[in-house]
Each structure stands twice: as structure tokens, then as C-alpha cells.
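The values are calculated or read from the model by the stated rules, or taken from the named source; none is laboratory data. Keep in mind that what you see is a predicted model, and the values were worked out from it rather than measured. Because the Cβ atoms are built from the backbone with ideal geometry, glycine has one as well, and the counts that use them run over all protein chains shown. Areas reflect the complete protein model, heavy atoms only, side chains present, ligands, DNA and RNA absent. Shrake-Rupley method; radii C 1.70, N 1.55, O 1.52, S 1.80 Å.
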Amino acid sequence: MTSFKDSFNKGLDSANQSIKNKEEIKEVFTDLNKELSELTGNKIEVLVHTFSEKLESPTATASIFGSVLEEMTRPKYRDYQGIGARNPSKNSSIHELATWSQGRSGYPCKVKFGSKAFICEDKEGLIEALSELLEDPETGEIFQRLMET
């Protein structure tokens, strides 16, 4: 027979591990930004950000219901998480570097850019993925533009 008490205690343990994982992920980004700030004179910051993408709206031909026609032609947007960069000293806009998703307990988190995709199960995996992201030529171009502004 299932014991709700055991399940409850497992849930609390999972919550504690989730808090630790999410704090660890924040620390990785904090360490990354500390190093980038030292290298660039506080001209580059990397952060997780919610981006918005306009989706193609279906073409409507004719409808006897005006609201249906309006709904069909109204632009649609999708929000998604990504890793972005900005120049905090100039309060610049945030430029997308990669897409990002994070599990309910922090890990796994996923980083995708170009043709590369990383599934990070722990801190070391996340550091590796972010290091690869920093080495990407498109990331380098964005960093150059941010440092010039």
C-alpha cells in the first residue's frame, strides 16, 4: 500500500535538491559574468531572458464570423527562454545567444545554439556548454558589437 507520508517526505527532499540545483545554476552565471566583467570592463553580461517570437499567422479567406476572421489574422507570439547578452554599462537591448530550458528541479538544463545542443545534468556540464557558447563565432560577433557601443 502506498504511504502518503513517504511520498510527502520524498517531495520535501526533492524540493530541497531543486533549490540547491537552481542556486548552483545561478552561481555559474554569476561566476561567468564576474569573469566577463573583468575582461571587458563591465561591457558584457550574460543572462537567462524571456524572448518573444512572432509566429506566422494563417491566411484567412472569408468568414461569416468577423471575430473568427479577426482572430485568424491577428499576429501570434510565442515566448521562450534563451540565453542573452547585453552591455549593462549602456543598458543595451538583450541579444539572443542560445535557447535555454531548465528542468523542474534545475537539472537537466538545455542549451542550444547553431547546430549544437547540450543537455546539462550538472554544474560541470553547464560550464562546458557555456564555454562552447562563448567560443561560437556568432557569440563573438555579438560580444564585439556590445563592447563597441
task: Test each condition in (1) modelled with pLDDT under 95; (2) touching a Pro at 6+ places or on another chain (Cβ under 9 Å); (3) not β-branched (Val, Ile, Thr) for Gln102 and report the one that comes out false.
output: (1)
task: Please determine, by comparing only the residues of the range 116-127 that are open to solvent by 70 Å² or more (accessible area, probe 1.4 Å) and hydrophobic (A, V, I, L, M, F, W, C), which one is nearest to Phe143 (Cα to Cα).
output: Ile127
query: Has the range 38-60 got at least one residue that is open to solvent by 80 Å² or more (accessible area, probe 1.4 Å) and at pLDDT 95 or above?
result: yes
query: What pairs come up if the first residue lies in the range 106-118 and is of a type in the set (Ser, Thr, Tyr), the second is open to solvent by 70 Å² or more (accessible area, probe 1.4 Å) and not in a strand (DSSP E or B), and their beta carbons are under 6 Å apart, counting only those six or more places apart or on different chains?
result: Tyr107/Glu121
- request: State whether one or more residues within the range 99-115 are within 13 Å of the chain's Cα centre (by Cα), open to solvent by 20 Å² or more (accessible area, probe 1.4 Å) and farther than 17 Å from Lys26 by Cα.
  value: yes
task: Any residue in the range 29-44 that's among the polar types (S, T, N, Q): show its pairings with residues that are assigned to a helix (DSSP H, G or I) and surrounded by 12 or more Cβ atoms within 10 Å (Cβ to Cβ) at Cβ separation under 6 Å, as long as the two are six or more apart or on different chains.
output: Thr40/Met147
- request: Please specify each residue of the range 25-56 satisfying the condition of being of a type in the set (Asp, Glu) and within 20 Å of the chain's Cα centre (by Cα).
  value: Glu27, Asp31, Glu35, Glu45, Glu53
task: Collect the residues in the range 76-89 that are open to solvent by less than 60 Å² (accessible area, probe 1.4 Å) and either at pLDDT below 85 or out of contact with any Asp or Glu (no Cβ under 6 Å at 6 or more places or on another chain) (or both), keeping them in residue-number order.
output: Tyr80, Ile83, Ala85, Asn87
